[in-house]
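Please read the structure below before turning to the comments.
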Amino acid sequence: MSAIARWCHRHRLLTVVVWLALIVGLGALTGSAGTKYNDTMSIPASESSQAMDLLKQTMPASAGDSDQVVWHTTGGAKVTDPDVQQSMTGALNQIATSPGVAGVTSPYTGPRGATQISKDGTTAYASVNFAQEAHDIPNAEIVHVIDVAQGARNSHLQVELGGQAISQADRTMGGAADLIGVIAALIVLGLVFRAVGAAVMPILTGVTGVVTGILGTGQLSHLFSISSTAPTLATLVGLGVGIDYALFIVNRHRKGLMSGLSVEDSVAKALNTSGRAVLFAGGTVVIALLGMFALGLSFLNGMAIGAAVTVSMTVLAAITLLPAMLSFLKLRVLSKKQRRELAARQAGVGVLVPYARAPRRRSAGPDGERGTVFTRWAAKVQARPLGKALLAIAVMAMVAVPFFSIRLGNSDAGNDPKSTTTRQAYDLLANGFGKGFNGPLMLVAQTPAAGDQQALTKLVQEIKTVPEVAAVQARPEQPGQAIGVVQVIPTTSPQDQGTTDLINNLRHDVIPKAEAGTTLHVMVSGSTAISNDFSDTLTSKLPLFVAIIVGLGCVLMMLAFRSLLVPLIGVAMNLLTMGVAFGALVAVFQWGWGSEALGAGGAGPVEAFVPVIVISILFGLSMDYQVFLISRMHEEWSHSKDNSRSVRVGHGETGQVIVAAGIIMACVFGAFLFNGQRVIAEFGLALAVAILLDVLMLRLILVPALMHRFGRANWWLPKWLDKVLPHMSVEGEPEPVPGAAPPSGPHDEPELAYSNHRIP
């Protein structure tokens with residue numbers, strides 16, 4: 001790592017130019033090739049996906065995305081009034097001949113159309129059938145349909161659109177959220193470093209890594225199935241970890257400069273110590289994200305790729321671009337007060353330089369020696385660990401309690417921001433026709449035998465008697481095709497538990513009775529059924545995923561710290577952090593405690609894929625803090641073999657940086673609460689609350705308190721296991737300063753050696 005740092009220092013201009021060329025090149029490639037994001041959440045083995053595949057083969061026109069144009073009259077007008085009918089018929093005819101549109105079902109044609117007008121005559125809708133699925137439709141074609149439909153609006157005619165394709169085109173990414181998070185991080189960094197240069201460097205590094213990661217992810221969308229949500233998620237994660245990683249390196253570099261090292265030596269030492277920790281932490285996050293591949297779901301694989309690529313680019317920026325920029329800054333990375341102190345020391349005969357590690361203020365011990373706020377707090381935790389541990393556990397448990405009532409699912413357009421056309425179309429349909437019109441079920445029936453059509457007709461009549469069904473409509477069977485399609489409108493909205501219960505009732509009770517004694521085969525599909533199957537599959541695989549993550553965490557910490565107890569403590573902390581994240585999600589989004597205020601709609605289920613991604617991210621981030629905290633304790637233990645001192649010193653000396661890093665991450669994640677997308681707000685809330693409580697309750701209280709109580713057992717590892725496990729150094733060995741004498745003993749503070757070189 002030191003060799004990389006020295007190369008980047010000596011070729012700092014070239015390093016910066018290479019990064020600029022990379023950004024410009026990726027930007028140009030994106031401008032010419034575009035992106036191809038895919039929001040399909042299908043599971044090939046599920047019944048709903050098999051039904052859609054069958055439709056694609058036999059009835060391609062029916063397999064395309066179906067969206068709605070919804071209009072509502074005010075001022076006493078009716079949708080059947082001549083002027084309204086003329087205006088909307090013209091718009092629908094123009095949409096029907098638009099590129100990518102397979103057909104339009106208007107309420108003004110035929111007896112079937114009358115069912116598309118509400119009983120009070122003020123609301124109507126038309127179905128727009130696209131020739132392709134939503135993710136394959138060019139955005140320009142969708143926007144054209146929106147523009148034509150909304151062109152019919154007037155003072156007494158409201159026109160809105162809904163459906164997956166419309167939602168895809170109507171979605172806006174939250175650039176303001178990014179900016180708010182960056183500004184908040186800059187303020188925190190300024191308060192910590194008291195130097196503009198030092199505060200700006202982590203921001204610049206994090207933003208550079210995120211920009212290259214997002215542009216790279218866009219191009220990978222041509223090769224992999226990546227959701228359109230992936231760039232926003234990658235930005236959320238990349239900004240948080242990128243700024244934090246750079247913060248650790250800048251903090252170590254400043255200590256090196258203050259200890260008397262030259263700029264080059266200080267950069268090299270910072271990268272050889274904190275840089276190694278950044279590599280370990282970033283690698284852990286990437287591995288955790290790519291662990292989602294074990295679930296075998298392409299939708300999650302794409303999100304994992306986007307976030308992993310962005311985190312990788314932030315790590316690369318931290319170990320290459322950051323050293324180059326620090327070399328340009330020289331001593332301006334220090335505050336004015338620090339530069340004055342350094343200049344005063346340089347005015348003497350020589351410069352004091354530590355042999356092994358930067359001198360540090362001794363932590364406050366039981367004897368009352370002076371120290372920082374954090375060293376004094378570490379002494380207080382040491383003095384009364386049990387009471388503080390119980391308090392931390394109580395706080396974490398209180399926030400995590402709602403987790404036990406979590407319901408996974410997929411929120412519908414009723415939770416879109418109120419200003420969007422999809423939300424307004426949803427509300428118009430719900431008010432005019434019932435909530436179920438926003439998520440119809442599609443029954444795909446195979447009727448190979450002559451008598452199967454009669455069985456299907458009998459099934460349709462049976463479904464009409466089911467209490468949870470509002471309406472049933474069978475599409476005419478196409479000549480020469482043994483396929484029938486039946487549309488079922490539930491009485492409940494797509495995200496309600498009642499709709500899930502109806503799907504299960506149809507599959508397990510109603511349909512099997514109709515199929516008995518015939519060759520009829522009926523499958524339940526449609527976007528609502530596909531989402532339901534996706535949620536069920538994820539829920540069933542979640543325990544396996546958690547087991548993989550927990551096992552990985554144990555192994556990594558065992559390798560790093562040669563201990564059995566420390567990994568178990570880390571796993572327990574990870575589980576507590578995850579519980580807090582899910583508890584906050586349930587309270588705000590499932591119970592609706594403030595979700596409307598965030599612009600994320602009312603109460604509804606937690607998105608099914610959110611827990612998997614949150615677990616991956618939190619595992620990596622909480623591992624970062626655990627490693628940063630324990631590595632300093634382990635370093636002190638290797639010198640003194642005094643557990644109390646080791647825990648107190650490690651706790652006190654890392655407290656400030658961990659708190660700063662946690663607050664920065666919480667600010668970045670919290671800013672995405674106001675992104676305007678419910679799913680991104682869920683990520684923002686879960687990660688912000690979990691990281692903040694992780695730092696304040698676990699790293700500053702519970703972990704050191706437990707380690708004080710366990711004593712020397714913290715560092716025990718069976719000899720046979722120690723021989724089997726490979727050795728791994730998280731922070732490496734600090735570089736010795738030329739001419740410095742080695743420390744006199746393992747229990748002494750680092751000796752200072754004189755060097756005649758002056759700091760540039």
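If we keep just the residues of the stretch 97-110 that are surrounded by fewer than 20 Cβ atoms within 10 Å (Cβ to Cβ) and β-branched (Val, Ile, Thr), which is modelled with the highest pLDDT? Before the answer, list the steps.
So in the stretch 97-110, the residues surrounded by fewer than 20 Cβ atoms within 10 Å (Cβ to Cβ) come out as 97-100, 102-103, 105, 108-110.
From what is left, the residues that are β-branched (Val, Ile, Thr) are 97, 105, 109.
Working: Thr97: 89, Thr105: 84, Thr109: 81.
Here the answer is Thr97.
Any residue in the stretch 577-594 that's free of Cβ contacts under 8 Å to residues at least 12 places away in the same chain: show its pairings with residues that are part of a helix (DSSP H, G or I) at Cβ separation under 7 Å, as long as the two are six or more apart or on different chains.
Every condition considered, the pairs that remain are Trp593/Ala587; Gly594/Val588.
Only residues in the stretch 383-409 that are closer than 23 Å to Val586 by Cα count as the first member; pair them with residues that are of a type in the set (D, E, K, R), Cβ under 7 angstrom, at least 6 apart or cross-chain, and list the lot.
Cβ pairs passing all conditions: none.
Which of the following residues is at pLDDT 90 or above and either surrounded by fewer than 24 Cβ atoms within 10 Å (Cβ to Cβ) or outside any helix (DSSP H, G or I) (or both): Ser644, Ser631?
Being at pLDDT 90 or above and either surrounded by fewer than 24 Cβ atoms within 10 Å (Cβ to Cβ) or outside any helix (DSSP H, G or I) (or both) holds for just one of Ser644, Ser631, which is Ser644.
Output the qualifying pairs, or none if there are none: Cβ atoms under 6 angstrom, residues six or more apart or on different chains, first residue in the stretch 252-273 and under 15 Å from Leu331 (Cα atoms) and of a type outside the set (Gly, Ala, Ser), second residue open to solvent by 20 Å² or more (accessible area, probe 1.4 Å) and at pLDDT 85 or above.
Val263/Lys330; Glu264/His9; Val267/His9
When the residues of the stretch 166-183 are filtered to those that are within 23 Å of His135 (Cβ to Cβ) and at pLDDT 65 or above, which remaining residue is surrounded by the most Cβ atoms within 10 Å (Cβ to Cβ)?
The residue in question is Ile166.
Check off (1) closer than 30 Å to Trp720 by Cβ; (2) β-branched (Val, Ile, Thr); (3) buried (at least 18 other Cβ atoms within 10 Å of the Cβ) for Val555 and give me the number that stays unchecked.
All conditions pass for Val555, except number (3).
Name the one entry in Gly216, Gly190 that is at pLDDT 90 or above, at negative phi, part of a helix (DSSP H, G or I) and open to solvent by 10 Å² or more (accessible area, probe 1.4 Å). Break it down into steps so the answer makes sense when it comes.
Numbers: Gly190 fails: at pLDDT 90 or above.
It is Gly216.
Which residues, counting only those in the stretch 108-133, are touching a Ser or Thr at 6+ places or on another chain (Cβ under 8 Å) and either outside any strand (DSSP E or B) or closer than 28 Å to Asp53 by Cβ (or both)?
Passing the criteria: Tyr108, Arg112, Gly113, Gln116, Gly121, Thr122, Ala126, Ser127, Val128, Asn129, Phe130, Glu133.
Which members of the stretch 22-48 meet the condition of being closer than 25 Å to Gln164 by Cα, polar (S, T, N, Q) and modelled with pLDDT of 80 or more?
Thr30, Thr35, Ser46, Ser48
From the list Gln86, Gln94, Gln68, Gln57, pick out the single residue that is among the polar types (S, T, N, Q) and modelled with pLDDT under 85.
Exactly one of Gln86, Gln94, Gln68, Gln57 is among the polar types (S, T, N, Q) and modelled with pLDDT under 85, namely Gln57.
Could you please let me know if Pro494 is more than 18 Å from Ala51 (Cα to Cα), open to solvent by less than 40 Å² (accessible area, probe 1.4 Å) and either at pLDDT below 90 or not aliphatic (A, V, I, L, M) (or both)?
Taking the combined requirement at face value, the residue satisfies it.
Starting from residues that are in contact with a helix residue (DSSP H, G or I) (Cβ under 7 Å, 6 or more places away or on another chain) and of a type in the set (Lys, Arg), keep the ones in the stretch 241-260 and report whichever is surrounded by the most Cβ atoms within 10 Å (Cβ to Cβ). So that I can check it myself, show each step before the final result.
The initial filter retains those residues of the stretch 241-260 that are in contact with a helix residue (DSSP H, G or I) (Cβ under 7 Å, 6 or more places away or on another chain), namely 241-254, 256-258.
Pick out the ones that are also of a type in the set (Lys, Arg) and you get 252, 254.
Values: Arg252: 24, Arg254: 22.
Filtering the stretch 241-260 for residues that are in contact with a helix residue (DSSP H, G or I) (Cβ under 7 Å, 6 or more places away or on another chain) and of a type in the set (Lys, Arg), the one surrounded by the most Cβ atoms within 10 Å (Cβ to Cβ) comes out as Arg252.
Residue-by-condition table, conditions (1) in a loop (DSSP other than H, G, I, E, B); (2) over 33 Å from the mean Cα position of the chain (by Cα):
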{"residue": "Ala445", "(1), (2)": "no, yes"}
{"residue": "Ala449", "(1), (2)": "yes, yes"}
{"residue": "Thr457", "(1), (2)": "no, yes"}
{"residue": "Gln473", "(1), (2)": "no, yes"}
{"residue": "Val485", "(1), (2)": "no, yes"}
{"residue": "Gly498", "(1), (2)": "no, no"}
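Identify, by number, the condition in (1) among the hydrophobic types (A, V, I, L, M, F, W, C); (2) out of contact with any Gly (no Cβ under 8 Å at 6 or more places or on another chain); (3) at pLDDT 75 or above; (4) open to solvent by 20 Å² or more (accessible area, probe 1.4 Å) that Val381 doesn't meet.
The one condition Val381 does not meet is (4).
Residues that are of a type in the set (Lys, Arg), modelled with pLDDT of 90 or more and surrounded by fewer than 23 Cβ atoms within 10 Å (Cβ to Cβ): does the stretch 508-516 have at least one?
No, the conditions are met nowhere in the stretch 508-516.
Can you pull out every residue in the stretch 494-510 that is free of Cβ contacts under 8 Å to residues at least 60 places away in the same chain and of a type outside the set (Gly, Ala, Ser)?
Just the residues of the stretch 494-510 that are free of Cβ contacts under 8 Å to residues at least 60 places away in the same chain, to begin with: 498, 501, 504-505, 508-510.
Across the stretch 494-510, the qualifying residues are Asp501, Asn504, Asn505, His508, Asp509, Val510.
In the list Gln677, Gln626, which residue meets the criterion of being of a type in the set (S, T, N, Q), in contact with a Gly (Cβ under 9 Å, 6 or more places away or on another chain), in contact (Cβ under 8 Å) with a residue 12 or more places away in the chain and closer than 22 Å to Leu564 by Cβ? Steps first, answer last, please.
Working: Gln677 fails: closer than 22 Å to Leu564 by Cβ.
Going through Gln677, Gln626 in turn, just one is of a type in the set (S, T, N, Q), in contact with a Gly (Cβ under 9 Å, 6 or more places away or on another chain), in contact (Cβ under 8 Å) with a residue 12 or more places away in the chain and closer than 22 Å to Leu564 by Cβ: Gln626.
So which of Ala681, Ala705 is touching a Pro at 6+ places or on another chain (Cβ under 6 Å), among the small types (Gly, Ala, Ser) and at pLDDT 85 or above?
Result: Ala705 is the single residue among Ala681, Ala705 that is touching a Pro at 6+ places or on another chain (Cβ under 6 Å), among the small types (Gly, Ala, Ser) and at pLDDT 85 or above.
Hey, among the residues in the stretch 680-726 that are over 30 Å from Arg376 (Cβ atoms), in contact (Cβ under 8 Å) with a residue 60 or more places away in the chain and of a type outside the set (A, V, I, L, M), which one's most open to solvent (accessible area, probe 1.4 Å)?
Pro726
Looking at Lys78, Lys56, can you tell me which residue is open to solvent by 40 Å² or more (accessible area, probe 1.4 Å) and under 28 Å from Val522 (Cα atoms)?
Going through Lys78, Lys56 in turn, just one is open to solvent by 40 Å² or more (accessible area, probe 1.4 Å) and under 28 Å from Val522 (Cα atoms): Lys56.
Taking only pairs six or more apart or across chains, which ones have beta-carbon atoms under 9 Å, a first residue in the stretch 208-219 that is of a type outside the set (Asp, Glu), and a second residue that is not in a helix (DSSP H, G or I)?
Thr217/Thr35; Thr217/Ile226; Gly218/Gly34; Gly218/Thr35; Gly218/Lys36; Gly218/Tyr37; Gly218/Ile226; Gln219/Thr35
Quick check on this structure: which one of Leu441, Leu390 is among the aliphatic types (A, V, I, L, M) and buried (at least 18 other Cβ atoms within 10 Å of the Cβ)?
Unique residue meeting the criteria: Leu441.
Checking Ala455 against (1) out of contact with any strand residue (DSSP E or B) (no Cβ under 8 Å at 6 or more places or on another chain); (2) at pLDDT below 85; (3) open to solvent by 70 Å² or more (accessible area, probe 1.4 Å), only one condition comes out false. Which one?
(3)
The values are calculated or read from the model by the stated rules, or taken from the named source; none is laboratory data. Just so it is clear, the structure is predicted and the values come from calculations on it, not from any experiment. Here Cβ is always computed from backbone atoms with ideal geometry, including for glycine, and neighbour counts include all displayed protein chains. Ligands, DNA and RNA are excluded from the accessible area calculation, which covers all protein heavy atoms including side chains. Shrake-Rupley method; radii C 1.70, N 1.55, O 1.52, S 1.80 Å.
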